[in-house]
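Have a look at the structure below, then the notes.
What follows is calculated from the coordinates using simple rules that are stated; it is not laboratory data. It should be emphasised that the depicted structure is a prediction, and the values quoted were computed from it without experimental measurement. Cβ placement follows ideal geometry from the backbone for every residue including glycine, while neighbour counts extend to all protein chains displayed.
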Amino acid sequence: MASVALSEAEKVYIVHGVQEDLRVDGRGCEDYRSIEVETDVVSNTSGSARVKLGHTDILVGVKAEMGTPKLEKPNEGYLEFFVDCSANATPEFEGRGGDDLGTEIANTLYRIFNNKSSVDLKSLCISPREHCWILYVDVLLLECGGNLFDAISIAVKAALFNTRIPKVRVLEDEEGSKDIELFDDPYDCIRLCVENVPCIVTLCKIGYRHVVDATLQEEACSLASLLVSVTSTGVVTCMRKVGKGSLDPESIFEMMETGKRVGKVLHTSLQSVLHKEESLGPKRQKVGFLG
């Protein structure tokens, strides 16, 4: 993960500020930076989104392709995640420098979506045991300015909201062989319900307090962070500790409660932005990637 070098004086300044609920950029401990969300930014995908969170810039594309259901879940489709850490984001990602981080992020996304309530995977099944839709979710890190996991989870949810899957029907002839036929109307599509798709809220422990949406400088002052996956109703679906430091049980409980509280507000704001943007229709002005 991208990191910055700070002097001891700078670290003391940041830590003391956090104890007084005053961060370097003027935010409180539970405040996010300004978030920019734009959907439908890449034309050759089934759905896409770009999210800018401070200096963190994420692009997500979703591609729907037909495949065979997994043996253990014959009546469901599934999602595949791939994360590419661009060398433009930080020099540390040059060569194979970003591979470990990409794998870590992809594994975290698999854990988040590994429950039946996140996405209705049965709606992706075309013909049990034979055909289903596979959603390939490609995440590209364009710029790294801290709080990667939160920005990526927001971008993935926005891209899935924007995803449109063609409607198909299965035709069976007299010999029993099956053919798949696309509907004639290209606008007659399946939309995913993303109401229960969780977002990640990362809480960094700095001194005796914890902050959300940490910058790179604040992450350099934190020895341990807690990733909390929260739904729009405030239900925690997954937790993961990152960093070399330790967290005591009381701190974990407090961070969970903060994550649930902040996560509900984050979901409400994101859903409002997505529905508002969609209501503008094709005439909306594209200002982001390839706009």
Expressed as a whole-number percentage, the relative contact order of the chain with C-alpha contacts under 8 angstrom and at least six residues apart is 20 percent
Long-range amide H partners of G234, meaning residues 5 or more apart or on another chain whose placed amide H is closer than 5 Å, are none
Diffing segment 103-110: the Karplus 3J(HN,Hα) column from phi (6.51, -1.76, 1.60, θ = phi - 60°), in whole Hz with x for Gly and Pro, holds 5, 5, 5, 4, 5, 5, 5, 4
Rounded to the nearest 10, the angle in degrees between the Cα long axis of helix 8-19 and the longest principal axis of the Cα atoms of the chain comes to 70 degrees
Stretched fully, the stretch from V265 through T103 gains (0.36 nm per residue minus C-alpha distance, one decimal, in nm) 55.4 nm
For 23-32, 206-215, 146-155, ranked highest to lowest by mean beta-carbon neighbours within 10 Å, the order is 146-155, 206-215, 23-32
If unit charges are put on Cβ atoms (+1 for Lys and Arg, -1 for Asp and Glu) and the dipole of segment 8-281 is taken about its Cα centre, the option from L216, T202, S46 lying farthest towards the positive end turns out to be T202
One point scatterer per Cα, no solvent, Debye formula: log10 I(q)/I(0) for the chain at q = 0.07, 0.09, 0.10, 0.16 Å⁻¹ comes out as -0.29, -0.47, -0.57, -1.30
Taking alpha-carbon centroids only, segment 155-222 lies from segment 39-59 a number of Å equal to 12 Å
Once phi for every residue in segment 63-73 is put through the Karplus expression 6.51 cos²θ - 1.76 cosθ + 1.60 (θ = phi - 60°), the whole-Hz ³J(HN,Hα) values, with Gly and Pro written as x, are 10, 9, 10, 7, x, 9, x, 6, 4, 7, 9
For segment 271-276, in residue order, the Karplus 3J(HN,Hα) values (coefficients 6.51, -1.76, 1.60; θ = phi - 60°; whole Hz; Gly and Pro = x) are 4, 4, 5, 5, 5, 5
Expected sort for 5-13, 119-127 on mean C-beta neighbours within 10 Å, highest first, is 119-127, 5-13
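Need the full-extension length gain, Y110 to E195, defined as separation in residues times 0.36 nm minus the C-alpha distance. One decimal, nm.
Result for the pair: 28.8 nm of gain on full extension.
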If every Lys and Arg gets +1 and every Asp and Glu gets -1 at its Cβ, then about the Cα centre the chain yields a dipole, in debye to the nearest 20, of 580 debye
Over the chain, the sum of -39500 (n - 2.57) across DSSP H runs of at least four, divided by residue number and rounded to 500 deg cm²/dmol, gives at 222 nm -8500 deg cm²/dmol
Amide H neighbours of E80 at under 5 Å, excluding residues fewer than 5 places away on the same chain, with H built from the backbone geometry, are L135, Y136, V137
Full extension between R169 and S7 adds, at 0.36 nm per residue less the Cα distance, a length in nm of 52.0 nm
Per GNM of the chain with C-alpha springs under 10 angstrom, the most fluctuating residue out of E278, E72, E219 is E72
Once both label points are put 7 Å beyond Cα along the C-beta direction, the R27-F183 separation in nm becomes 4.1 nm
With C204 itself left out, Lys, Arg at +1 and Asp, Glu at -1 over residues whose Cβ is under 10 Å from its Cβ give -1
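Taking the Cβ of Q217 as the center, what net charge do the other residues with Cβ under 14 Å away carry, scoring Lys and Arg +1 and Asp and Glu -1? Mind showing how you got there, number by number?
Working: positive: K11, R23, R27, R33; negative: E8, E10, D25, D213, E218, E219.
With Lys, Arg at +1 and Asp, Glu at -1, the net is -2.
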